[in-house]
Amino acid sequence: MFALRTLALLGLIGMAIPAFATDAPPADGGEAAVSAIDVTPWRILAYRSGADLLSIEPRELPPQISFAEGRVSGNVGCNSFSGGYSLAEDRLTIDPRMAMTMMACEESLTALEQAITTHLAAVTGYRQTGPTLELLAADGTTLILLEALVETPLVGVTWRLDTYNNGKEALVTPVKGTEITLALTAQGTLGGSDGCNRYMSGYTLEDGRLMIGPIATTRMACRGPATVAEQAAAYAAALGLVRGYRIEGEQLWLTTEDGATAAHFRVVPEAAKAAEGR
């Protein structure tokens, strides 16, 4: 369990000022704006650095912020932070006194955490445009740029393998030049490519518990080194260990009975699927 420390963030927030224009003014004094911010987890896309917005490079676990029941919480890749906020009518203020876990982080993540938490303390307004949310300073400058983190459905999309359990208590990436995919249907079947052959199976999903049946494959000879065929066998074995799953945004984790990762995927964008089909 990590100890908590109170952050003395730079500056104190003064009197709250009205938030800047949102997509549409609330019909009942701000309730619509409150629910729009509260019910959505937000991915941090960029933050103010001098005169510019500095984009955050994509990573396995995207930096996130959530607002819920008067508490703002987040994680940019190492420590978690949380504090209070007030969203009333058209005003947003964030309490500069925040708690944060005390894990040792990479220097770049430590700097990012400091920048984000410092900016949060200076927020006095917001602007929401569709799935995009800007947290604003008193002069209207965007301090943090956020995007709604929409959970991808498990069924009906194609997932591309990122890492898998190789049966030796290690998560490994696919052999260079191979691509492993997974797609589940509403009819209880699944299939994809194991990097060599097409495979197919059935699955059951009940109360969040996911189980995958025996894997059947086509019988094409694998091109390339022997590791390609070995990979296909290890991937099939990893699927046999699956007992659950977790989705965060565009990422899928298939998990074992004890919650360990059996396989980790990212969703294949529609544009990429269309190109592959041509």
The stretch 191-230, accessible area per residue, ligands and nucleic acids excluded (1.4 Å, Å²)
65 Å²
Under a Cβ-Cβ cut-off of 13 Å, what is the net charge of the residues other than Ile247 that fall near it, where Lys and Arg count +1 and Asp and Glu count -1?
-1
May I ask you to compute the full-extension gain from Asp38 to Thr101, defined as 0.36 nm times their residue separation minus their alpha-carbon distance, rounded to one decimal in nm?
20.4 nm
Could you work out the Rg to Rh ratio of the stretch 91-208, with Rh taken as the Kirkwood radius (inverse of the mean 1/r over all Cα pairs)?
1.14
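Counting only heavy atoms of the protein chains, get the accessible area per residue of the stretch 65-134 (1.4 Å probe) and round it to a whole Å² value.
43 Å²
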Along the positive direction of the dipole of the stretch 166-250 (beta-carbon charges: Lys, Arg +1; Asp, Glu -1; about the Cα centre), which of Ser193, Gly249, Thr218 reaches farthest?
Thr218
Using a 10 Å cut-off on Cβ atoms, rank the peptides 213-224, 176-187 from the highest mean neighbour count down.
176-187, 213-224
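The values are calculated or read from the model by the stated rules, or taken from the named source; none is laboratory data. For clarity, every value in this text was computed on a predicted model and none was experimentally measured. As a convention, Cβ positions derive from the backbone with ideal geometry for all residues, glycine included, and neighbour counts pool all protein chains shown. Accessible surface is based on the protein model in full, side chains and every heavy atom, while ligands, DNA and RNA are left aside. Shrake-Rupley method; radii C 1.70, N 1.55, O 1.52, S 1.80 Å.
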